[in-house]
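In what follows, a structure is listed as structure tokens, so that the remarks can point back to it.
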Amino acid sequence: MEAHGGTGASAAAADDIADDVADEIIETLRRWVDEVVVPESSALELADEYPTAMASQMEDFGLFGATIPESHGGLDLDHVTYARVIEELSRGWMSLAGIVNSHLICAKLIDRFGTDDQRNRSLPGMATGKLRGCFSLSEPDSGSDAGALRCRAVRDGDEFVINGTKMWVTNGERAGVVALLARVPEGDPSGSSGITCFLVDKTPGKHSGGITVSRKIDKIGYRGLETVEMSYVDHRVPADRVLGGDGLTDAASRGGGDGAGHGGGIGNGLRWALAALELGRINVAARGVGVAQAAYDAAVAYAKEREAFGKPIAKHQAIAFKIAEMATKLHAARLMTYDAARKADAGERVDLAAGMAKLFASETAAELSLDAMRIHGGNGFSTEYPVERYYRDAPLMIIGEGTSEIQKLVISRALLADD
Ligand SMILES: Cc1cc2nc3c(=O)[nH]c(=O)nc-3n(C[C@H](O)[C@H](O)[C@H](O)COP(=O)(O)OP(=O)(O)OC[C@H]3O[C@@H](n4cnc5c(N)ncnc54)[C@H](O)[C@@H]3O)c2cc1C
């Protein structure tokens, strides 16, 4: 980390948790980010062009299988190493972390709650990146209030018929499998009803059966990868694609669910999605650390080089103190992120730690990207320097995977819960 202008103490934090294999992965990734991603990403980002060659290299690194078990062809990285991977990618370009995030949330849902058949069918292809996944919870009228979603899935024999509009689906066009949250109405023969997760198979592209990518959303940052609106009109999904099984046949539900004896996945979708989003929150916290590191590195380099009033601006105490504050916040954000990841590795509940890390790291990234822009003066406002990209990318992290306000709800509920 020192080689990249790390804050010193941060390097010690990483050393603590590193083993040889993890260090090797991070070193390889760091070299690639410095040699390929840093020089090439700004042009791709400004053109809103998908980084095909970079994604293909990420496939070769095995990153699409980062958290998928080895038994299904993945790397099965622990959460700490995964956080370090995401941090490195985001230091180069945050969109690269987005390419794997919703894919791996989809894979986590399948691995943790899917049936044996669902795991065997999707995870090996997802581990290679040849089969891409995405996660589709948000709708035009529901985001934070996910329980208010309207997309409906009505049983018709051995199939469900899906109707509704989904919003903000990152990787939605390229995906071959969608973890889709839809509401099964009361009266379903399974005896259960409510929000359910479906593993919707589709052909990558704009149209597949009753699914249409109805709009590509133009974004101020997090560009290069697609975030789309998707419409479902009478789209038919086999009942065995209910995550965890539909609870009606033994075969469909074998090996599925959370072991709570609920007899299938109908009505369990939202609870399971929120559990899988804990991985997403660690990802977003790590993204925050990566973008904050990039902003910090750029600010330090510029402050040492740029002169005003006869000396480098770093020699003016106002700038030096700003750098000190930036380093302190960056270090705290990194430690909180690794702490949440360590707790997840230990099998502990991480709603509190991941919520705090996501809240702090994302706000830190937003603050540091503005600080770096201030330190760059007029040049910070130009597209010739990368700090303007950090400034445009950072706000997404205070919105996605639960806004900062929702993190405060999660944190305060955990703190104030009755024993
Ligand atoms: C670029 C991008 C990519 C995304 N990718 C995906 C994806 O792949 N899959 C997916 O499902 N979603 C995705 N999202 C959606 C994202 O998760 C939502 O935008 C987010 O959860 C917020 O929901 P919302 O936009 O509906 O805002 P709202 O829920 O309408 O919130 C608006 C404001 O009200 C505040 N608020 C809401 N409820 C409360 C409350 N109870 N107390 C206090 N304040 C509150 C919020 O914090 C926010 O400030 C993406 C979003 C973006 C911008």
### Among the residues listed as Asp234, Asp240, Asp246, the single one being within 17 Å of Ile162 (Cβ to Cβ), assigned by TED's automatic domain parsing to the domain that holds Glu139 and part of a helix (DSSP H, G or I)
Asp240
### Message
Being at pLDDT below 95, assigned to a loop (DSSP other than H, G, I, E, B) and under 30 Å from Gly245 (Cβ atoms): is that true of Gly264 here?
### Response
yes
### Output for the stretch 383-400, where each listed residue is surrounded by fewer than 24 Cβ atoms within 10 Å (Cβ to Cβ) and in a loop (DSSP other than H, G, I, E, B)
Thr383, Glu384, Tyr385, Pro386, Ile398, Ile399
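Quick grid of which residues meet (1) assigned to a strand (DSSP E or B); (2) out of contact with any Ser or Thr (no Cβ under 9 Å at 6 or more places or on another chain); (3) among the polar types (S, T, N, Q); (4) under 24 Å from Arg155 (Cα atoms):
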site	(1), (2), (3), (4)
Lys166	yes, no, no, yes
Val169	yes, no, no, no
Glu173	no, yes, no, no
Gly191	no, yes, no, yes
Leu225	no, no, no, no
Val228	yes, no, no, no
### Query
Just one of Gly400, Gly380 is assigned by TED's automatic domain parsing to the domain that holds Glu278 and under 16 Å from the mean Cα position of the chain (by Cα); which is it?
Gly400
#### Entry: Candidate set: the stretch 216-241, residues that are within 16 Å of the ligand (Cβ to nearest atom) and more than 21 Å from the chain's Cα centre (by Cα); chosen: the one surrounded by the most Cβ atoms within 10 Å (Cβ to Cβ)
Tyr232
### Query
Under the condition of being among the small types (Gly, Ala, Ser) and more than 11 Å from Thr196 (Cα to Cα), which residue from the stretch 148-169 is farthest from the ligand (Cβ to nearest atom)?
Gly157
### Task
Pull up the stretch 309-355, narrow it to residues that are among the acidic types (Asp, Glu) and closer than 27 Å to Leu416 by Cβ, then point me to the one that is farthest from the chain's Cα centre (by Cα).
Glu348
### Query
Quick check: anything in the stretch 368-381 in a loop (DSSP other than H, G, I, E, B), within 16 Å of the ligand (Cβ to nearest atom) and on the phi < 0 side of the Ramachandran plot?
no
### Query
Quick one: would you say Asp218 is in the same structural domain as Asn163 (by TED's automatic domain parsing) and part of a strand (DSSP E or B)?
no
### Task
From Ala365, Ala394, Ala332, Ala354, grab the single residue that is touching a helix residue (DSSP H, G or I) at 6+ places or on another chain (Cβ under 8 Å), away from the ligand (no atom under 16 Å from the Cβ) and under 22 Å from Leu89 (Cα atoms).
Ala332
### Summary
Reported set for the stretch 131-156 where residues are in contact (Cβ under 8 Å) with a residue 60 or more places away in the chain and farther than 18 Å from Ser231 by Cβ is Arg132, Ser144, Ala146, Gly147, Arg155, Asp156
### Query
Any idea which residue in the stretch 75-106 is surrounded by the most Cβ atoms within 10 Å (Cβ to Cβ), counting only those that are away from the ligand (no atom under 15 Å from the Cβ) and among the hydrophobic types (A, V, I, L, M, F, W, C)?
Ile86
### Query
Would the stretch 120-142 turn up any residue that is at pLDDT 95 or above, out of contact with any helix residue (DSSP H, G or I) (no Cβ under 7 Å at 6 or more places or on another chain), closer than 30 Å to Tyr390 by Cα and of a type in the set (Lys, Arg)?
yes
### Query
Among the numbered criteria (1) farther than 30 Å from Asp60 by Cα; (2) away from the ligand (no atom under 13 Å from the Cβ); (3) surrounded by fewer than 17 Cβ atoms within 10 Å (Cβ to Cβ), which single criterion is violated by Ser190?
(3)
### Task
For the stretch 176-183, indicate whether the set of residues that are touching a Lys or Arg at 6+ places or on another chain (Cβ under 7 Å) and away from the ligand (no atom under 16 Å from the Cβ) is non-empty.
no
### Message
Condition check: aromatic (Phe, Trp, Tyr), at pLDDT 95 or above and within 16 Å of the ligand (Cβ to nearest atom). Does Tyr385 satisfy that?
### Response
no
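The values are calculated or read from the model by the stated rules, or taken from the named source; none is laboratory data. Note that the structure is predicted; figures quoted are calculated from it, not measured. Counting neighbours? That spans all protein chains shown, and the Cβs are built from the backbone with ideal geometry, glycine included.
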